[in-house]
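Following: one structure in structure tokens, then a few remarks.
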Amino acid sequence: MTITQTPGRLAGINPLAKFLVAAVIGLVLLLSLDWVSALIALLLELALLPFVGLAPRVLWRMLAPIIIAAPFAGLSTLLFGRAGGDLVWQAGPWHITSASVSLAIAITVRVLAIGLPGVVLFATTDPTDLADALAQLWHLPARFVIGALAALRMVSLMAEDWRMLSLSRRARGVADGQGPFASITRFFSQGFALLVLSVRRGSVLATAMEARAFGGDIPRTWARTSLFRPRDVLFVSAGILLAVIAVAASLLSGAWNFVIS
Amino acid sequence: MIDNTVSTAGAHVSARGWSWRYGSRSRPTFTALDLEILPGERVLLLGASGSGKSTLVAGLAGVLGADEGHESGDLLVDGAPSRTARGRVGLVLQDPENQVILHRIGDDVAFGCENLGIPPAQIWPRVTHALAAVGLDFPLDRSTAHLSGGQKQRLALAGVLAMRPGLIVLDEPTANLDPDGVAEIRQAVETVARDTEATLIIVEHRVDVWWDLVTRVIVLDSDGNILRDGTPHAVLTTAREPLTQAGIWLPRSTGNTPATSPPVFTTAFGRDPLLTATALTVGRSPAAPAAASDLTLGIVPGQVHAIVGPNGSGKSTLALTLAGLLAPISGAVTASTGLAAGARTAEPLRWRSRELLTRIGMVFQSPEHQFLTGSVRDEVLVGPRALDRRALDRRALDRRPFDRRPLDSRAPSRPPAVPDGRVDELLERLHLAHLASAHPFTLSGGEKRRLSVATALATAPRVLVLDEPTFGQDARTWAELVALFAELRNDGHAIVTVTHDERLVNALADVVTTLAHSGI
């Protein structure tokens with residue numbers, strides 16, 4: 001896994017502000033299952049998207065997974081959702097009714113409305129900045145945060161390790177044997193080898209960190225100060241405003257239906 | 001006020017009756033070691049492969065866990081136990097890949113300072129200064145992922161320098177580097193030695209790299225005792241014999257390159273290649289960019305074919321492709337009818353895993369990827385056992401009247417039973433016999449390398465593909481390996497070796513293919 005550096009205006013926003021915005025929008029949209037609130041939120045998000053300063057190609061790469069996934073969520077609702085209203089189409093076990101059609105649309109739009117800010121905000125967050133913010137602003141233990149950050153770098157090495165393990169097993173004459181049983185056995189034994197290798201890499205890394213005085217008794221300082229600046233406050237306010245507009249529009253139109261009722 | 005110099009008072013190092021035994025070993029690594037190193041000394045610590053050099057420096061750096069073994073006596077830095085001397089000692093390890101800690105260059109160098117509680121305002125000047133000292137002039141937010149091995153080692157050194165340690169320890173800093181990387185790190189250490197008063201301890205096999213930089217040479221024997229201790233000149237003139245016996249690489253100018261048989265070009269085995277590569281373009285995957293293109297090679301029996309070139313020129317990828325492990329992007333690797341006899345096709349890539357064993361053996365660049373078992377001896381037996389199973393399968397097949405494939409006489413004949421004698425002989429020759437029951441992962445770097453060579457040799461493949469087979473070897477084990485390769489060559493095996501080791505090329509290579517940097 002490589003951490004792609006995505007420049008753009010969002011890179012300067014504190015990771016915790018981004019987290020708060022994604023959380024507020026996500027939670028609010030989970031409260032109701034109507035299509036109005038989700039659609040309004042999605043439209044507002046789309047209107048704001050050009051201002052994040054990311055090239056369309058980059059955006060497409062980020063968002064492709066949810067754009068592909070959302071219709072599937074809608075489709076399953078369409079086929080298996082609660083029946084109600086007029087019957088639109090019927091075949092075998094499937095009853096598609098007007099209620100399930102509108103629910104399916106609502107679900108599709110909702111997945112997009114929740115997923116879009118989540119993905120864009122997360123993808124523009126540098127893991128180092130996130131670690132700084134978590135440790136300095138939320139005071140999570142440095143040992144844990146920095147350890148996780150260093151481990152994340154190791155993850156990128158695992159794909160290459162796996163490939164070399166496969167090749168070396170073939171070279172050593174133990175990669176034969178057809179049938180699902182042999183393949184599963186091989187997969188687990190190789191998985192175990194990868195685990196061993198990762199632990200070994202991790203222990204070298206831990207030694208290197210320890211040799212640089214990590215985990216000592218001295219209170220740690222932070223070379224990069226994570227600040228929650230006025231613009232981060234503004235950013236969070238904007239996120240809250242977006243959620244409020246979506247809910248208000250939904251309530252006024254009478255479409256709001258509270259899921260917990 | 002910000003102090004911008006790197007200089008700091010050198011640390012005083014002493015070992016007083018220090019003993020150490022790893023929990024998993026019966027023999028102690030050190031017994032009552034006594035040693036004094038004065039502030040500002042620059043020490044080269046030498047010793048045969050497995051003599052405990054890395055253990056000693058890990059102890060000095062305070063990273064030898066008390067739970068890893070049994071300890072007595074004292075290991076002191078400035079009079080305090082080394083474990084409490086965090087930040088006073090900076091350690092650079094031999095593995096460039098696993099000691100990069102953070103994602104950006106500046107952050108990685110700042111890491112040690114943060115842990116020492118240095119105020120942020122003082123950290124960044126230190127970081128810039130340390131990076132300049134090691135000659136890494138990149139922006140601070142450059143990713144650490146795409147640095148070369150030499151650059152990663154210099155980054156680690158910068159991270160250590162920024163802490164302003166009194167003692168800098170380099171544990172085989174050049175072991176995993178190509179000649180360019182070695183020159184880079186040597187240059188960086190020289191600058192550091194000039195600019196600081198820090199005490200310096202360097203562990204290395206490559207004495208020639210450091211000989212004129214150090215002020216003192218300490219030689220350990222294989223039991224962890226001090227064999228010689230003095231100025232480089234004194235040690236060299238009085239101890240040439242024991243040094244050679246202990247396998248120490250002496251400076252090249254004094255010429256102790258072990259005598260090996262000169263390349264004998266022989267056509268006794270015929271000039272028909274066992275493997276032929278035609279218009280071969282290789283890459284790490286068929287979709288990946290080409291690592292090296294349009295190569296035509298013939299791997300001839302009784303010859304050593306060396307593949308050389310800078311890091312990133314596709315040498316390892318070519319080796320894996322020749323060994324029938326990696327699909328080429330275009331072109332083909334074809335086996336001769338003799339080599340392919342008994343296998344399904346003439347294309348090694350399509351062979352079964354066990355069909356490779358007696359035909360093409362591969363020693364990987366990183367031995368750790370290769371190990372499958374819990375002991376050195378079992379590791380060597382993996383190949384023969386897999387063959388044994390095949391022999392059993394084949395006997396079962398032979399009982400059927402319709403499948404009476406004759407065993408090809410040109411394929412190396414192989415007794416069905418696991419050849420215990422051969423395994424012992426291999427372990428003996430590669431100086432691994434005393435480690436037969438040790439876990440492969442507990443071996444030293446040089447020992448792991450020899451074990452991976454032994455595992456490939458155990459099934460006597462006609463073609464041997466070796467990726468950096470001499471990494472981390474002392475002069476003695478190096479000579480042993482080279483003699484073994486020469487013998488295999490003279491027996492008609494074909495050897496392909498990817499290497500940065502000029503001595504190996506000079507001693508063995510009959511054919512040299514130089515790959516140019518592909519610019520990727």
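The values are calculated or read from the model by the stated rules, or taken from the named source; none is laboratory data. In this text, all values refer to a predicted model and were calculated from it rather than measured experimentally. All Cβ positions, glycine included, derive from the backbone under ideal geometry; neighbour counts span all protein chains shown.
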Single condition residue A:76 does not satisfy, out of (1) free of Cβ contacts under 8 Å to residues at least 40 places away in the same chain; (2) over 18 Å from residue A:102 (Cβ atoms): (2)
Meets criteria (within 18 Å of the chain's Cα centre (by Cα) and either within 14 Å of chain B (Cβ to nearest Cβ) or not small (Gly, Ala, Ser) (or both)) for residue A:124: yes
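Of all residues in region A:194-223 being more than 7 Å from chain B (Cβ to nearest Cβ) and touching a helix residue (DSSP H, G or I) at 6+ places or on another chain (Cβ under 7 Å), which is nearest to residue B:117 (Cα to Cα)? So that I can check it myself, show each step before the final result.
Step one: list which residues in region A:194-223 are more than 7 Å from chain B (Cβ to nearest Cβ), which gives A:194-196, A:198-199, A:202-203, A:206, A:215, A:217.
Applying the additional criterion that residues be touching a helix residue (DSSP H, G or I) at 6+ places or on another chain (Cβ under 7 Å) yields A:194, A:198, A:202, A:215.
Values: A:194: 36, A:198: 30, A:202: 24, A:215: 12 Å.
Applying the filter and picking the extreme gives A:215.
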Test: residue in region B:440-461 that is farther than 21 Å from residue B:174 by Cα and either without any contact (Cβ under 8 Å) to a residue 24 or more places away in the chain or among the charged types (D, E, K, R) (or both): no
Answer residue from region B:170-181, given it is closer than 13 Å to residue B:92 by Cα and of a type in the set (A, V, I, L, M, F, W, C) and is farthest from the other protein chains (Cβ to nearest Cβ) among those: B:175
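Would you point out which residue out of B:466, B:515, B:508 is touching a helix residue (DSSP H, G or I) at 6+ places or on another chain (Cβ under 8 Å), closer than 30 Å to residue A:201 by Cβ and buried (at least 22 other Cβ atoms within 10 Å of the Cβ)?
B:466
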Count of residues meeting criterion [touching a helix residue (DSSP H, G or I) at 6+ places or on another chain (Cβ under 7 Å) and under 16 Å from residue A:171 (Cα atoms)] in region B:318-332: 6
Which listed residue is within 28 Å of the chain's Cα centre (by Cα) and part of a helix (DSSP H, G or I), from B:95, B:108: B:108
Test result for residue B:130, of a type in the set (A, V, I, L, M), part of a helix (DSSP H, G or I) and out of contact with any helix residue (DSSP H, G or I) (no Cβ under 7 Å at 6 or more places or on another chain): no
Conditions (1) without any contact (Cβ under 8 Å) to a residue 60 or more places away in the chain; (2) of a type in the set (A, V, I, L, M); (3) surrounded by 15 or more Cβ atoms within 10 Å (Cβ to Cβ); (4) more than 23 Å from residue A:125 (Cα to Cα): number failed by residue A:157: (4)
Checking residue B:137 against (1) in a loop (DSSP other than H, G, I, E, B); (2) of a type in the set (D, E, K, R); (3) within 25 Å of residue B:250 (Cβ to Cβ); (4) over 25 Å from the mean Cα position of the chain (by Cα), the condition it does not meet: (3)
Region B:455-483: number of residues that are more than 18 Å from residue B:499 (Cα to Cα), in a helix (DSSP H, G or I) and within 12 Å of chain A (Cβ to nearest Cβ): 1
Residue match in region B:152-169 (condition: surrounded by fewer than 22 Cβ atoms within 10 Å (Cβ to Cβ) and within 11 Å of chain A (Cβ to nearest Cβ)): no
Flag for residue A:232 being farther than 30 Å from residue B:146 by Cα, part of a helix (DSSP H, G or I), touching a helix residue (DSSP H, G or I) at 6+ places or on another chain (Cβ under 7 Å) and among the acidic types (Asp, Glu): yes
Pair list, Cβ under 8 Å, 6 or more apart: region B:118-134 residue over 13 Å from residue A:222 (Cβ atoms) and within 9 Å of another protein chain (Cβ to nearest Cβ), other residue among the β-branched types (Val, Ile, Thr) and crowded, with 16+ Cβ neighbours inside 10 Å: B:127/B:109
Selection within region A:127-144 - assigned to a helix (DSSP H, G or I) and either away from chain B (no Cβ under 12 Å) or of a type outside the set (Val, Ile, Thr) (or both): A:127, A:129, A:130, A:131, A:132, A:133, A:134, A:135, A:136, A:142, A:143, A:144
Count of region B:170-203 residues which are in a loop (DSSP other than H, G, I, E, B), over 18 Å from the mean Cα position of the chain (by Cα) and crowded, with 19+ Cβ neighbours inside 10 Å: 2
Entirely in region B:295-361, the helices (runs of 4 or more DSSP H) that have 2 or more residues that are over 22 Å from the mean Cα position of the chain (by Cα) and within 14 Å of another protein chain (Cβ to nearest Cβ): B:353-357
Region B:172-191, residues that are in contact with a helix residue (DSSP H, G or I) (Cβ under 8 Å, 6 or more places away or on another chain), under 19 Å from residue B:130 (Cβ atoms) and not small (Gly, Ala, Ser): B:173, B:184, B:185, B:186, B:189, B:191
Residue ID - farthest from the other protein chains (Cβ to nearest Cβ), chosen from residues in region B:65-89 that are within 29 Å of the chain's Cα centre (by Cα) and in a strand (DSSP E or B): B:70
Condition met for residue A:245 (assigned by TED's automatic domain parsing to the domain that holds residue A:121 and either in a loop (DSSP other than H, G, I, E, B) or surrounded by fewer than 18 Cβ atoms within 10 Å (Cβ to Cβ) (or both)): yes
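Only one of these is surrounded by fewer than 24 Cβ atoms within 10 Å (Cβ to Cβ) and free of Cβ contacts under 8 Å to residues at least 12 places away in the same chain: B:480, B:487. Name it.
B:487
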